[in-house]
Amino acid sequence: MSLQQLSPSLINLIRLSSALNSKDVNFFKQIDSDISKQLDSLDTRFVSVINTLLKTIETEDDVETELGEDDSANWKVVSDLLDSLFEKTEISLDEHRLHKSSNSDGFTYLDSNPTAKPSRFSVSTKPQKKFITQINNFESESYKPNLTEKPHALKSLQESLQPVPATSECPEHYLNPYSYEIMNQPYPDWILQPLPKYDSALWSSSEDDQPQIISTLEQLKALIKDLKKSKVIGVDLEHHDFRTYHGLTCLIQITSESKVDYILDPLAPEVRENLKLINEVFADPQIVKVLHGAFMDVMWLQRDFGVYIVSLFDTFHASKELMLGKHSLAFLLEKYVKFRTCKKYQLADWRVRPLGLELVNYAKADTHFLIEVFTKLQNELLKKGPDSLTRVLYDSRKVSNRRFEYSTFKPLTQTNEVVSTMASVPLEKPGEPNTSVSLSFNYNRDQPWTHLIFSSNLPLAKRPILELLFRWRDTQARSSDESVRYVMNDYLLVSMVTYIDINSEVSNQLLLNIINDNSKFSNSSGFIRSKLPELRKYINEGLSELQKMDVKKWNLALGIQEEADKITSTDNVYESVEDVEQLERDFASLTDEYSVDFKTSSVRTVIDKRTDQYGQTPSKKIWSVSYKKDGTPKQITSHEVTARVNIILDRYRQQQEEIAKTSEVPSEAAVEPVEEQPTPAPEEKPTYLDVAKKAKSDPNEIITLRKHQKHSKKRKLETDEDVVSLDLNKKVLNT
């Protein structure tokens, strides 16, 4: 009998059972022995049927699967079994979705439930404390490459490690030791030819198909031996920069040409200390290293391990050359291999050990398909033209050629070739913390605190406080090996700058109130609370030093001017545009650069280059320029403007003279006698209340509060108290 046939009977049974009160059952059992026997028999049969059903369910050994005589205990048995069934059902559904590689949309998914929250893990001890070579955040010299040997060298290690002498723009420093090899070693010949089809290994996220974890020196050497057999490898890094000053490379993922996935653990002290051995592979020009957006990856490899990349292929630059519209790795995976990754673990704490299965799969996905993506991009670049591939390889060379430098020794002018730690404040004395309360009053664009000045629109008087807190934050971060964001994030820092009064000392309570008010926006309040007395003392010392300085003189010396002064000042307002020749050169340069976009090559600049009839270039200053419909400029010189002003002034003087003539009072002889008219009694002006009462009595009546009288155009003479009136409607200047 099918379930559909049993359903009506079950529904009637449930309805009748629900209508029967359990107390009534016990009552009828007591008054009628036959009913009691029948009910006991039904009870026994029902329990037997349920026990038979429960025995078919596979459960853990510690789960009870048989009902007894105690009803409350029986309900617990049923409840536990139902929970077990529900859990198994959910697991089976998840496995079905996870292993179903071919979906209706044709995509393979990293995570079947991308909206679920990632598992939370905590790190009890900083891994950098276990490093063999401890980190020193107080640099005493410029960054020196951590190399003891140089595989695949065109220039010797000794020659590559010669310091570059200091100049006015850059302190003494070391170049990228593989700079010559990066820019001159040829890529392998096969990269310039169409590549055969390459299919990545089928994706699996099960525990039985996980990457090989490299955490010992022996495993590292075996990995290097295996990678040497490949012509191309995929590489990616996972980085952490919140609980350390400069940052830590926490994972290095590698996929070999033989479709084997590896994960290096650079937090393992033995691996970190010897990871420079992998330069045998990474510096080999015959092995192409495929990375996506290697802008920072090459910096982290240099800074943490002394590892450099020769023959880099950056898929980010390939996507830009092909003008794909989007350039993220996630987009390339979707487009070329029909794989959808997940951003759920993008901000995970990669210092966690051991790594959970979720984190391992996320890290593995970044390189698992990278070689396949590379081959498809390379073939598309060749179809577009050989120059396209050449440009991508050159852009990749420039990415590899970048170098890391400490903020204390970075160039005065910021460049893309040199990268320093974000928001790092240069040390006043190399190798020593910035403990003294000193202010530079330097707000140029290259200073680490300048971006907060303009993004937060801080007033001029508050800028020294910002610099003060910025320096203190950096010193604390260096000393504790924490990021500046962990010590005091920008939001809390700007809030302190805003609420601190530069004319009075700060108290612990004031700082505590600021921290409490902003604690929900800051995850670093715990560190600040522990340093509260020290911070208060530092701020007050800085305010005391600030009171001794003349801020306005400092601003004059540095050429800083308040925005309000720039707007309201009218002195020498036209001096900023007097260098017309420089303006001409700028326009001419712009014209040369974009001449291909103009419809005509006969482009005239702001100042006409033609000379006058005597062969002399006009020397009059140009006041403004107007343009005709055909685009040719018409110049208006300062001489013409002066002439126009003089014309206006002449007309104004003439009008003043006419007004003065019409305002003269005639002599008494010319005035005819006028009979004296009786003066009427002055009418009492209605008050506001009178008008309001009148309006109330007759709402339809229109009331004129003040009668407008038209004055005669003829001038009338009055008594000695006559006043000469001027016709203000008359135009002063004729048009």
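Residues that are hydroxyl-bearing (S, T, Y), in contact with a Lys or Arg (Cβ under 7 Å, 6 or more places away or on another chain) and more than 30 Å from T125 (Cβ to Cβ): does segment 429-442 have at least one? No: segment 429-442 contains no residue that is hydroxyl-bearing (S, T, Y), in contact with a Lys or Arg (Cβ under 7 Å, 6 or more places away or on another chain) and more than 30 Å from T125 (Cβ to Cβ).
Remark: S407 falls outside the filter, which requires a residue to be under 19 Å from the mean Cα position of the chain (by Cα) and at pLDDT 90 or above. Number of residues in segment 228-259 that are acidic (D, E) and touching a Leu at 6+ places or on another chain (Cβ under 7 Å): the value is 2.
The residues listed here are E218, E257; of these, the one that is at pLDDT 95 or above, more than 30 Å from N489 (Cα to Cα) and in a helix (DSSP H, G or I) is E218.
With respect to the stated conditions, F131 fails to be of a type in the set (F, W, Y), within 26 Å of V484 (Cβ to Cβ) and either at pLDDT below 75 or in contact with a Gly (Cβ under 6 Å, 6 or more places away or on another chain) (or both). Being modelled with pLDDT of 95 or more and under 30 Å from F409 (Cβ atoms), is that true of even one residue in segment 184-200? For segment 184-200, residues modelled with pLDDT of 95 or more and under 30 Å from F409 (Cβ atoms): present.
Scanning segment 280-306 for residues that are more than 20 Å from A363 (Cα to Cα) and among the aliphatic types (A, V, I, L, M) turns up V281, A283, I287, V288.
Look at segment 362-374: where a residue is closer than 22 Å to L322 by Cβ and in contact (Cβ under 8 Å) with a residue 60 or more places away in the chain and a partner is among the aromatic types (F, W, Y) and surrounded by 23 or more Cβ atoms within 10 Å (Cβ to Cβ), sitting 6+ places away or on another chain with Cβ atoms under 7 Å, you get F374/F313. Filtering segment 69-125 to residues that are modelled with pLDDT of 75 or more and part of a loop (DSSP other than H, G, I, E, B) leaves F107, L110, V123, S124, T125. Looking across segment 306-316, just one residue is buried (at least 24 other Cβ atoms within 10 Å of the Cβ) and in a helix (DSSP H, G or I), and that is T315. Going through (1) in the same structural domain as N137 (by TED's automatic domain parsing); (2) in contact with a helix residue (DSSP H, G or I) (Cβ under 9 Å, 6 or more places away or on another chain) one by one, E405 falls short only on (2).
Looking only at residues that are of a type in the set (G, A, S) and farther than 16 Å from L469 by Cβ in segment 508-532, which one is surrounded by the most Cβ atoms within 10 Å (Cβ to Cβ)? Out of the qualifying residues, it is S519. Do you know which of the residues in segment 274-305 that are touching a strand residue (DSSP E or B) at 6+ places or on another chain (Cβ under 8 Å) and assigned to a loop (DSSP other than H, G, I, E, B) is nearest to E257 (Cα to Cα)? For segment 274-305, the residue satisfying everything is I287.
Scanning segment 330-348 for any residue that is under 29 Å from R403 (Cα atoms) and among the polar types (S, T, N, Q) turns up at least one such residue. Hey, among the residues in segment 16-38 that are at pLDDT 80 or above, in a helix (DSSP H, G or I) and of a type outside the set (V, I, T), which one's surrounded by the most Cβ atoms within 10 Å (Cβ to Cβ)? Within segment 16-38, the match that is surrounded by the most Cβ atoms within 10 Å (Cβ to Cβ) is S36. Here is the figure for segment 386-425: residues that are within 22 Å of E534 (Cβ to Cβ) and of a type outside the set (S, T, Y) total 2. If you scan segment 317-356, which residues turn out to be in a helix (DSSP H, G or I), surrounded by 21 or more Cβ atoms within 10 Å (Cβ to Cβ) and either touching a strand residue (DSSP E or B) at 6+ places or on another chain (Cβ under 8 Å) or not assigned by TED's automatic domain parsing to the domain that holds I252 (or both)? Selection gives L333 alone.
Pairing residues of segment 138-167 that are outside the structural domain of S179 (by TED's automatic domain parsing) with residues that are in a loop (DSSP other than H, G, I, E, B), at Cβ distances under 9 Å and at least 6 apart in sequence or on separate chains, gives no pairs at all. Condition test on K155, is it within 22 Å of R402 (Cβ to Cβ) and more than 30 Å from the chain's Cα centre (by Cα)? Considered against the rule, which asks whether it is within 22 Å of R402 (Cβ to Cβ) and more than 30 Å from the chain's Cα centre (by Cα), K155 comes out as yes.
Quick grid of which residues meet (1) among the aliphatic types (A, V, I, L, M); (2) touching a residue at least 40 places away in the same chain (Cβ under 8 Å); (3) surrounded by fewer than 19 Cβ atoms within 10 Å (Cβ to Cβ):
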| site | (1), (2), (3) |
| --- | --- |
| H246 | no, yes, no |
| T249 | no, yes, no |
| T255 | no, yes, no |
| K259 | no, yes, yes |
| I263 | yes, yes, no |
| P269 | no, yes, yes |
| N274 | no, yes, yes |
| Q286 | no, yes, yes |
| M296 | yes, yes, yes |
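Among the residues of segment 385-402, count how many are within 24 Å of the chain's Cα centre (by Cα) and either in a loop (DSSP other than H, G, I, E, B) or not assigned by TED's automatic domain parsing to the domain that holds L291 (or both). Here the count works out to 1. Candidates Y187, Y180: the one that is aromatic (F, W, Y), outside any loop (DSSP other than H, G, I, E, B) and touching a residue at least 12 places away in the same chain (Cβ under 8 Å) is Y180. Inclusion of L202 among residues that are part of a helix (DSSP H, G or I) and farther than 30 Å from S407 by Cβ is not warranted. Would it be correct to say that A153 is at pLDDT 95 or above and assigned to a loop (DSSP other than H, G, I, E, B)? Considered against the rule, which asks whether it is at pLDDT 95 or above and assigned to a loop (DSSP other than H, G, I, E, B), A153 comes out as yes.
Only residues that are closer than 16 Å to F295 by Cα and either without any contact (Cβ under 8 Å) to a residue 60 or more places away in the chain or surrounded by fewer than 22 Cβ atoms within 10 Å (Cβ to Cβ) (or both) were counted in segment 227-239, giving 1. Inclusion of L202 among residues that are outside the structural domain of E432 (by TED's automatic domain parsing) and either of a type in the set (V, I, T) or under 26 Å from N274 (Cβ atoms) (or both) is not warranted.
The values are calculated or read from the model by the stated rules, or taken from the named source; none is laboratory data. Model, not experiment: these values are computed from the prediction. Glycine gets a Cβ as well: all are built from the backbone with ideal geometry, and neighbour counts include every protein chain shown.
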